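Working notes for the structure below.
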Amino acid sequence: MILLTGASGGVGARVAQRLAAGGESLRLFVRDASRAPDVPGADVAVGSYEDLASLEAAMRGISCAFVASVYGEPVRRSRLHMNAMDAAARAGVGHIVYLSFQGASPDSHFPYGVDHALSEAHLERTGVPYTILRDSLYLDSIPHYFGSDGIARGPAGEGRTAWVARDDVADVVAAVLAAPSRHAGRTYDVTGPEATTYAEVAATLTELTGRTFRFENESVEEGRRSRAPLGAPAWQVDVWLGSYLAAAAGELAPVSDTVEQIAGHPPLGLRAYAQRRPELLAPLLSEAK
């Protein structure tokens, strides 16, 4: 049986549907049973990474576990990932597939990149066979980078990002979970087909929608000031700005062939993804009204 943590999330729910279609036996680990994906025959386990008892119960009888990353304050967040990894080790899980992030490193400019490096190091120490999948920023999230004025702002400069569709990430995760021994001990970047600057993304959105989009580079301090009205905690602002800084430093620029090699098809770029899922552009068009 395969355990999917984060089964109600954007990647986890997609993975559940793909594995179910392939006839895999699944257990879905969610905070709220009502939000679990509708997968006939799947077990539903309710709990969280904070609740060690729920983790250990969910891990029992599992051959392979998908450990999805969670959103939260850095360092505390990595400890939550470690809780899941430790529970898997204690339960005798045969393989862990961990969803990390491209450029994960103790020296990353992205706070979550540092966080993922801590989680990855801990995973290795558990002694459980593992596969690490480091995805880039999601194509699906691009609309959230642009304000109602059609401008994306951040300290990315001319840095490039190899944006990847959640659909493609899910295809890779499902393929690895279905045959984990083929990927034991491996770490893969999971990216789209090209790496683009924010200015290039804005130009593509302009072309696709007919509405003008653009990118304004900011210093870190300008970025903090522009986000101050949101009232977000400092760590959250650091995470937001860190994704731009990681792009500026070249951490998100490498393009991999992982999607094609593991999932068996080319990854989607922004134009192709918008054609397949036109709802991607809907928030950008509605804000123009």
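The values are calculated or read from the model by the stated rules, or taken from the named source; none is laboratory data. Owing to the predicted nature of the structure, the values given are computational and were not obtained by experimental measurement. Every residue, glycine among them, receives a Cβ derived from its backbone with ideal geometry; neighbour counts consider all protein chains shown.
For the stretch 24-41, the candidate set comprises residues that are among the aliphatic types (A, V, I, L, M) and part of a strand (DSSP E or B); within that set, the residue that is nearest to I2 (Cα to Cα) is L26. When each of R27, R14 is tested for being of a type in the set (D, E, K, R), buried (at least 17 other Cβ atoms within 10 Å of the Cβ) and in contact (Cβ under 8 Å) with a residue 60 or more places away in the chain, the lone residue that passes is R14.
Does the stretch 58-107 hold any residues that are hydrophobic (A, V, I, L, M, F, W, C), part of a loop (DSSP other than H, G, I, E, B) and over 15 Å from L3 (Cα atoms), and which are they?
Applying the first criterion (hydrophobic (A, V, I, L, M, F, W, C)) to the stretch 58-107 yields 58-59, 62, 64-68, 70, 75, 80, 82, 84-85, 87-89, 91, 93, 96-97, 99, 101, 104.
So of that shortlist, the ones also part of a loop (DSSP other than H, G, I, E, B) come out as 62, 68, 70, 75, 93, 104.
Scanning the stretch 58-107 gives V70, V75, A104.
When the stretch 23-41 is filtered for residues that are at pLDDT 95 or above and either β-branched (V, I, T) or in contact with a helix residue (DSSP H, G or I) (Cβ under 8 Å, 6 or more places away or on another chain) (or both), the ones remaining, listed by number, are E24, L26, R27, L28, F29, V30.
Inspect the stretch 243-260 for any residue being farther than 19 Å from L137 by Cβ and loosely packed, with under 12 Cβ neighbours inside 10 Å and give the result as yes or no. For the stretch 243-260, residues farther than 19 Å from L137 by Cβ and loosely packed, with under 12 Cβ neighbours inside 10 Å: absent.
Might you check whether a residue that is under 30 Å from G94 (Cβ atoms), buried (at least 19 other Cβ atoms within 10 Å of the Cβ) and in contact with a His (Cβ under 7 Å, 6 or more places away or on another chain) occurs anywhere in the stretch 171-190? Among the residues of the stretch 171-190, at least one is under 30 Å from G94 (Cβ atoms), buried (at least 19 other Cβ atoms within 10 Å of the Cβ) and in contact with a His (Cβ under 7 Å, 6 or more places away or on another chain), which makes the answer yes. Filter the stretch 108-154 down to residues that are part of a helix (DSSP H, G or I) and either surrounded by fewer than 22 Cβ atoms within 10 Å (Cβ to Cβ) or in contact with a strand residue (DSSP E or B) (Cβ under 8 Å, 6 or more places away or on another chain) (or both), then give me how many there are. Looking only at that region, the number is 20.
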